[in-house]
Amino acid sequence: MFTGTAPIVLTASGLMQRSTDSPYPFKQDGNFWYLTGIDEPNVILVMDKNKEYLIIPELSSSRVAFDGAIDASDLAATSGIAEIVPEKEGWRRLGARLKKASNVAVLSPTASYVEGLGMYTNPARKRLIKDMKLHNPELTLLDLRQHLARMRMVKQSLELESINKAVDITIQGIKSIRNKFEKQKYKNEFEVELDLTKKFWSGGASGHSFEPIIAAGAKGLTLHPVGNNGPIDSNGLLLIDVGAEYNHYAADISRTFYNKPSKRFAVIHEAVCEVADFAMSVLRPGVILAEYEKQVEDLMGEKLRELGLIKTIEHESVRRYFPHSTSHFLGIDVHDVGDYDKPLEAGVVLTVEPGIYIPEETIAIRIEDDVLITEDGCQNLSGSLVR
């Protein structure tokens with residue numbers, strides 16, 4: 001448990017190699033950005049009692065020539081942290097403090113490779129801990145992840161302004177896509193992505209908050225397909241799951257379009273909408289998400305039985321056609337941090353995204369909205385976008 005007396009040492013993310021000497025576009029650690037507003041890689045934040053300072057990396061002349069120098073005054077203005085020290089001086093100061101400390105508060109690193117996601121993680125946190133242990137191998141690490149998750153879970157007014165702006169930009173993008181899809185203007189998924197990208201940028205976004213999902217036909221049966229390069233049948237199904245990013249905050253909205261829906265498609269679509277409406281009616285301060293998810297699953301089971309897809313409402317049978325959770329936190333990250341065991345309170349932002357996926361009928365319908373928990377219920381931030 002964090003006592004509050006140990007020094008707090010946190011690191012920005014590092015650059016990740018794309019090829020030879022080229023990095024992937026930089027994405028800051030969400031917790032580091034939340035505390036500092038700094039978008040620079042490899043900066044270290046130290047908070048020790050009533051003092052705080054930033055340690056900035058020393059760049060080679062070659063990196064300065066190609067990437068530009070770090071502007072310490074800009075970092076100070078952005079973060080509100082007046083003391084900016086270069087790497088060698090900063091580590092001498094931090095190292096001396098660590099030698100006298102028993103504990104240090106950090107953000108514990110995740111595994112280098114996340115097996116379930118097939119994904120390697122940024123090594124910056126692990127490197128920071130390794131460097132600190134060189135100064136004091138006996139240091140006990142106190143993990144701040146839950147503390148920051150709970151802080152970030154409830155959004156402040158400035159955060160809500162950014163989320164609302166991201167949602168509004170996304171709504172305008174989806175409206176333009178729907179209009180062109182109805183006029184049968186699209187032949188390929190990449191044309192949709194291109195139009196969305198243009199619309200997001202022109203609306204003031206910094207781009208997409210995650211890789212956009214543009215899934216035509218049977219491709220929508222895969223929850224997160226990649227590529228966005230398949231053909232579009234103008235008379236078929238198009239599922240999009242997209243979000244703009246504005247001032248580091250994400251939107252995440254899904255809609256499913258069909259120019260000539262069959263009666264079967266219309267009934268299933270209505271069932272998804274009814275489940276979404278029910279979910280929003282349940283969300284309010286005090287709700288525990290695990291209990292809420294069970295309520296939504298039960299109603300989805302009723303709908304699936306009415307549709308003739310299952311005979312009994314059991315977890316496994318429901319999840320065959322509804323294989324994902326209804327809600328996740330939304331904020332700096334599209335799947336934002338938060339405590340799923342903590343009762344909801346006003347200021348929390350969530351998605352509501354029920355879906356029904358029927359491989360044997362080649363039907364995939366997902367409706368996703370972004371919702372703010374209020375004092376007496378919830379507000380659908382994307383409610384102006386027709387379903």
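The values are calculated or read from the model by the stated rules, or taken from the named source; none is laboratory data. A quick note: this is a predicted structure, and the numbers were derived from the prediction, not measured. Ideal geometry is used to build each Cβ from the backbone, glycine not excepted, and the neighbour counts take in all protein chains shown.
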- Inside the range 234-266, the number of residues satisfying the requirement of being surrounded by fewer than 14 Cβ atoms within 10 Å (Cβ to Cβ) and either in a loop (DSSP other than H, G, I, E, B) or of a type outside the set (K, R) (or both) is 4
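Test Y34 against the criterion of being within 16 Å of R125 (Cβ to Cβ), modelled with pLDDT of 95 or more and either surrounded by 10 or more Cβ atoms within 10 Å (Cβ to Cβ) or in the same structural domain as H335 (by TED's automatic domain parsing) (or both), and give yes or no. Let's see the steps before the verdict.
Details: within 16 Å of R125 (Cβ to Cβ): yes; modelled with pLDDT of 95 or more: yes; either surrounded by 10 or more Cβ atoms within 10 Å (Cβ to Cβ) or in the same structural domain as H335 (by TED's automatic domain parsing) (or both): yes.
Here the answer is yes, as Y34 does meet what is asked.
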- Note on the structure: Exception for S162 within (1) of a type in the set (S, T, N, Q); (2) surrounded by 19 or more Cβ atoms within 10 Å (Cβ to Cβ); (3) within 17 Å of S254 (Cα to Cα) falls at (3)
- Leading residue by the ranking (nearest to K27 (Cα to Cα)) among those in the range 176-233 that are assigned to a helix (DSSP H, G or I) and small (G, A, S): S202
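Of everything in the range 355-369 that's touching a residue at least 40 places away in the same chain (Cβ under 8 Å) and more than 11 Å from I268 (Cα to Cα), which residue is surrounded by the fewest Cβ atoms within 10 Å (Cβ to Cβ)? Spell out how you get there, then give the answer.
Restricting attention to the range 355-369, the residues satisfying the condition of being touching a residue at least 40 places away in the same chain (Cβ under 8 Å) are 355-359, 361-369.
This time we only want the ones that are more than 11 Å from I268 (Cα to Cα), so: 359, 361-362, 367-369.
Working: P359: 11, E361: 15, T362: 14, I367: 21, E368: 23, D369: 22.
Out of the qualifying residues, it is P359.
Being touching a residue at least 60 places away in the same chain (Cβ under 8 Å), part of a strand (DSSP E or B) and under 30 Å from R150 (Cα atoms): is that true of L45 here?
Values: touching a residue at least 60 places away in the same chain (Cβ under 8 Å): no; part of a strand (DSSP E or B): yes; under 30 Å from R150 (Cα atoms): yes.
So L45 fails the test.
Listed here are the residues, each with its yes/no results for (1) within 19 Å of the chain's Cα centre (by Cα); (2) in contact (Cβ under 8 Å) with a residue 24 or more places away in the chain.
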site: W91; (1), (2): no, yes
site: L98; (1), (2): no, yes
site: L107; (1), (2): yes, yes
site: S112; (1), (2): no, no
site: Y120; (1), (2): yes, no
site: P123; (1), (2): no, yes
- Query: Would you say T312 is surrounded by 21 or more Cβ atoms within 10 Å (Cβ to Cβ) and polar (S, T, N, Q)?
  - Reply: no
- Log entry, pairs with first residue in the range 218-237 being of a type in the set (D, E, K, R), second being at pLDDT 95 or above, beta carbons closer than 6 Å, six or more apart or on different chains, reads K219/G230
- Task: Scan the range 312-329 for residues that are closer than 22 Å to T222 by Cα, assigned to a loop (DSSP other than H, G, I, E, B) and of a type outside the set (S, T, Y) and report the count.
- Result: 4
- Query: When both residues are 6+ apart or on different chains and their Cβ atoms are under 8 Å apart, which pairs have a first residue that lies in the range 53-69 and is surrounded by 16 or more Cβ atoms within 10 Å (Cβ to Cβ), and a second that is of a type in the set (S, T, Y)?
  - Reply: L54/T36; L54/S79
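Only one of these is in a strand (DSSP E or B), in contact with a helix residue (DSSP H, G or I) (Cβ under 9 Å, 6 or more places away or on another chain), touching a residue at least 40 places away in the same chain (Cβ under 8 Å) and among the hydrophobic types (A, V, I, L, M, F, W, C): L304, L350, L309. Name it. Outline the logic, then answer.
On the way: L304 fails: in a strand (DSSP E or B); L309 fails: in a strand (DSSP E or B).
Just one listed residue meets the conditions, L350.
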- Item | Residue count for the range 78-124, restricted to those that are surrounded by 12 or more Cβ atoms within 10 Å (Cβ to Cβ) and of a type in the set (A, V, I, L, M, F, W, C) | 12
- Query: What are the residue pairs meeting all of these: first residue in the range 129-153, first residue over 17 Å from T110 (Cα atoms), second residue assigned to a helix (DSSP H, G or I), Cβ atoms under 6 Å, and 6 or more apart or on different chains?
  - Reply: M132/L98; H135/G95; H135/L98; H135/K99; N136/L98; N136/K99; R152/Y34
- Note on the structure: The condition from (1) surrounded by fewer than 14 Cβ atoms within 10 Å (Cβ to Cβ); (2) in the same structural domain as L350 (by TED's automatic domain parsing) that T170 misses is numbered (1)
